[in-house]
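**Q** Let me give you the structure first, and then I'll get to my questions.
The values are calculated or read from the model by the stated rules, or taken from the named source; none is laboratory data. Only a predicted model underlies this, so the values are computations on that prediction, with no experimental measurement involved. Backbone-built Cβ (ideal geometry, glycine too); neighbour counts: all protein chains shown. For accessibility, only protein heavy atoms count, side chains too; no ligands or nucleic acids. Shrake-Rupley method; radii C 1.70, N 1.55, O 1.52, S 1.80 Å.
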Amino acid sequence: MQLYSSNNEINENNNPYLFKLAKITFALYLFFIFFGTSLPFREKTRNLESISTSNTLNQIIFGTLFILSIILLIDKRKEVIQLIKREKYFFIFLVWCLLSILWSEYPFVSFKRYIQYLTTITVPLAILLYFKNSDELLKYFFYILSAYIIISLATIFTIPMARNEQGYWRGIHTDKNGFGQITIMLIIFFSIHFGKSTSLKIKVLDMFFILTSIVLTVGSGSSTALITLSFLIALWISFNLDKLFNPIGIRKTISLIIIFFSLLFLFITIFLYPELFQPIMDAMGKDLTFSGRIDIWNDIWLKAKDHLLMGAGFRGFWVIDSPTIIELYQKYIWLPNEAHNGYLDILNEIGIVGIILFFMIIINYFVNLIKEKSNRDWSWFVVASIILNITESKFITPKAVTGVMFIYAYLVLFTGIMKKKQIENE
């Protein structure tokens with residue numbers, strides 16, 4: 001069964017050798033993002049010595065992919081400049097992150113992590129510029145993510161280490177929460193693929209992978225993943241229900257009203273009547289502190305207030321040898337390496353200026369999304385990331401699947417807009 005046509009919709013100006021290199025680079029990048037570079041079934045690090053030990057293989061692989069992506073982008077430098085001119089916010093955000101290294105207490109660590117973060121941008125950008133249509137990249141995701149699901153499912157039922165001490169599923173990932181976040185990305189992708197597929201056989205495959213991913217999400221026992229999935233389903237239902245109001249011209253109005261009042265009710269209930277959530281938290285085996293997250297949020301906020309305007313420097317706070325982190329680890333013996341809130345980590349590391357720039361990126365994305373009629377399906381990755389980062393911190397984490405898909409979806413929209421403008425001007 002042939003899933004995809006062999007005729008790629010490539011840019012006629014592509015160097016054929018660089019085009020092949022772009023495809024190989026992107027395929028390898030996707031593989032290592034989802035499967036990782038460490039041995040599977042390893043336990044989460046529980047001591048400082050292990051945390052501070054660098055993964056040499058990881059540095060070699062992603063360092064090589066970064067260099068290759070830069071070579072590819074040099075050949076597409078005109079398109080890169082055009083993209084920066086059309087989409088200024090992400091570029092300004094990256095410049096501010098780079099500048100923040102100047103006042104970081106650990107500038108070398110910040111610079112190294114900045115380069116790692118750039119890889120999450122340069123590799124997807126390179127492949128998107130070499131293809132005319134982002135839909136042609138679906139096959140790379142399909143094969144790699146299909147393999148991930150099959151391997152995860154097989155290991156969970158055959159290898160005891162694919163489950164944690166409580167019996168929750170983690171597959172080849174180090175922990176159930178990370179695994180749960182990946183399964184959310186899987187559900188979104190195969191839902192997108194289902195909508196774009198024209199073959200009944202492929203749709204059946206997509207449906208199988210969607211249902212399997214949902215089972216994996218439930219099996220992970222990750223409350224963050226389950227809440228995110230519930231919210232996405234509710235959002236999808238509201239978007240489809242408001243089609244009933246399309247004939248009288250208030251479709252968007254009803255949708256926005258439903259979303260606004262739902263979020264308002266949720267926030268009011270959380271802050272004024274949190275005890276109402278106790279039965280739900282009990283059913284998930286959690287407490288109202290979200291497994292200690294509220295405590296760490298309070299402590300990180302107190303640290304952030306010391307450098308509120310400009311931050312501690314790009315990813316220059318969570319440094320193992322830092323006296324501040326060593327002090328935190330006296331209290332949090334589970335050795336966190338993030339604040340478990342993506343917004344708080346951004347505020348802490350690049351300050352109020354950085355968090356404002358980041359919110360401008362998100363606002364700019366949705367403003368352009370409303371105007372654009374194509375490439376809207378990928379926006380579900382952005383929505384999921386916005387929700388997941390309330391209790392996790394993956395926005396600027398280089399190898400986090402959630403952060404990678406957030407950036408990829410962002411670039412899909414703006415490279416698509418740029419290409420459409422180029423065609424209109426020809």
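**Q** Excluding Leu30 itself, what net charge comes from residues whose Cβ is under 12 Å from its Cβ, given Lys and Arg +1 and Asp and Glu -1?
**A** Result for the neighbourhood of Leu30: +3.
**Q** Something else: Gln330 to Asp306: extension gain in nm, 0.36 nm per residue of separation minus the Cα-Cα distance?
**A** Roughly 6.6 nm would be gained on extension.
**Q** Then there is this: For the pair Asp135 and Lys201, how long in nm is the line joining their label points, each one 7 Å along Cα→Cβ?
**A** Computed distance between label sites Asp135 and Lys201 equals 2.0 nm.
**Q** With the other protein chains left in place, how much accessible area per residue, in square angstrom, belongs to segment 328-426 at a 1.4 angstrom probe?
**A** Each residue of segment 328-426 exposes 37 Å² on average to a 1.4 Å probe.
**Q** Any idea how far apart Val218 and Ala147 come out in nm if each label point goes 7 Å out from Cα toward Cβ?
**A** 2.9
**Q** May I ask for the net charge around Thr120, where only other residues with Cβ less than 12 Å from the Cβ of Thr120 are counted and Lys, Arg are +1 while Asp, Glu are -1?
**A** Net charge in that neighbourhood comes out at +3.
**Q** Can you give me the distance in nm between label points at Phe108 and Ser230, each placed 7 Å from the Cα along the Cα-to-Cβ direction?
**A** 4.7
**Q** May I ask you to compute the full-extension gain from Ile294 to Thr158, defined as 0.36 nm times their residue separation minus their alpha-carbon distance, rounded to one decimal in nm?
**A** Contour length minus the Cα-Cα distance gives 45.3 nm.
**Q** Taking 0.36 nm per residue of sequence separation and subtracting the Cα-Cα distance, how much length would be gained by fully extending the chain between Ile423 and Ser238, in nm to one decimal?
**A** Extending this stretch completely gives an extra 63.1 nm.
**Q** Leaving ligands, DNA and RNA out of it, report the carbon-plus-sulfur percent of the accessible area of segment 80-222 at a 1.4 Å probe.
**A** On segment 80-222, the fraction of accessible area on carbon and sulfur atoms equals 71 percent.
**Q** Shifting gears a bit: At a 1.4 Å probe radius, carbon and sulfur cover how many percent of the accessible area of segment 347-426?
**A** Carbon and sulfur: 65 percent of the exposed surface of segment 347-426.
**Q** Same structure, new question: Heavy-atom accessible area per residue, segment 193-242, 1.4 Å probe: how many Å²?
**A** In whole numbers, segment 193-242 has 48 Å² accessible per residue.
**Q** Separate question: What lysines could a cross-link reach from Lys303, if we take a straight Cα to Cα line under 18 Å and drop same-chain neighbours fewer than 8 places away?
**A** The reachable lysines, counting only those whose Cα sits under 18 Å from Lys303, are Lys331.
**Q** Would you give the gap between the C-alpha center of segment 367-426 and the C-alpha center of segment 135-207, rounded to a whole Å?
**A** Here the answer is 21 Å between Cα centres.
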